[in-house]
Amino acid sequence: MSEQTTNLKIFDKYDISTIQIQDEGLKSAINLKPKLVLKNQGRGVGKFSQTKVNIVERLMNKISVAGHRGKKHRLEKGNATGKYTKNMKITLDVLEIIEKKTNKNPVEVLVRAVENSAPRDETTVIEYGGARYPQAVDVSPVRRVNLALKHLVHGASDKAFNKKKTITQTLAEEIIMAAENNGESLAVRKKKESEAQADSAR
């Protein structure tokens, strides 16, 4: 990798070349390759293609479906649409707020938040002899990151829905709390619940 590529900052703002992923299990799933403009344009729909998409762009993609709960689109967020420009504006504003509040690299704070809210175990249902039993299973690295990002955005969306705060403010707060492993973060709570259910199903 050339020196020019190494010094590349995303949107010419944030240097991500020095960020270290501390969770060994997530090193293959969190993409921190330097790229000036984060726009994948739907490329790479094959296996493990999500690992080729920068973590900031993956967060932005989750914002466009902030209202999804399960298979139903329950909550409608007027400012969080499927538009790339709108969603990336929200994401960049979130990173600016995080930088002001923490005086740290906001992308690094996001990575810490994902590491702290990515569940290692979850439960599935298996059928044996006509009866259904919960069974603890390990979570793949890609799914761990997806679940962490989904819960971060859902927590922010719920706190902003019909409230005075915008999703930009609540998402910044949610990411900061998750990075600090604060129990008030929905993503951290969901992780602990998932792992507790898996422990009881062993």
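The values are calculated or read from the model by the stated rules, or taken from the named source; none is laboratory data. Because the structure is predicted, anything quoted here is derived from the model rather than measured. Every residue, glycine as well, gets a Cβ built from its backbone with ideal geometry; the counts of neighbours run over all protein chains shown.
The residue that is surrounded by the fewest Cβ atoms within 10 Å (Cβ to Cβ), among those in the range 100-145 that are in contact with a strand residue (DSSP E or B) (Cβ under 8 Å, 6 or more places away or on another chain) and not in a strand (DSSP E or B), is ARG120. Residue check: SER117 meets all listed conditions (1) in contact with a His (Cβ under 8 Å, 6 or more places away or on another chain); (2) over 19 Å from LYS192 (Cβ atoms) but one, namely (2). When the test is whether a residue is touching an Asp or Glu at 6+ places or on another chain (Cβ under 9 Å), assigned to a helix (DSSP H, G or I) and in contact (Cβ under 8 Å) with a residue 24 or more places away in the chain, VAL153 passes it.
In this structure, is ALA156 hydrophobic (A, V, I, L, M, F, W, C) and touching a strand residue (DSSP E or B) at 6+ places or on another chain (Cβ under 9 Å)? When the stated conditions are applied, ALA156 does not pass them. Contact map, the range 55-68: residues that are over 19 Å from ASP15 (Cβ atoms) paired with residues that are modelled with pLDDT of 85 or more and among the charged types (D, E, K, R), Cβ distance under 8 Å, separation 6+ or inter-chain. Pairs shown: LYS62/LYS150.
When the range 1-32 is filtered for residues that are under 22 Å from VAL145 (Cβ atoms), out of contact with any Asp or Glu (no Cβ under 8 Å at 6 or more places or on another chain) and either modelled with pLDDT under 80 or loosely packed, with under 15 Cβ neighbours inside 10 Å (or both), the ones remaining, listed by number, are PHE11, SER17, THR18, GLN20, GLU24, LYS27, SER28. Annotation: GLY42 fulfils all but one of (1) part of a loop (DSSP other than H, G, I, E, B); (2) at pLDDT 80 or above; (3) more than 16 Å from the chain's Cα centre (by Cα); the unmet one is (2). LEU95 meets the stated requirement of being touching a strand residue (DSSP E or B) at 6+ places or on another chain (Cβ under 8 Å) and assigned to a helix (DSSP H, G or I).
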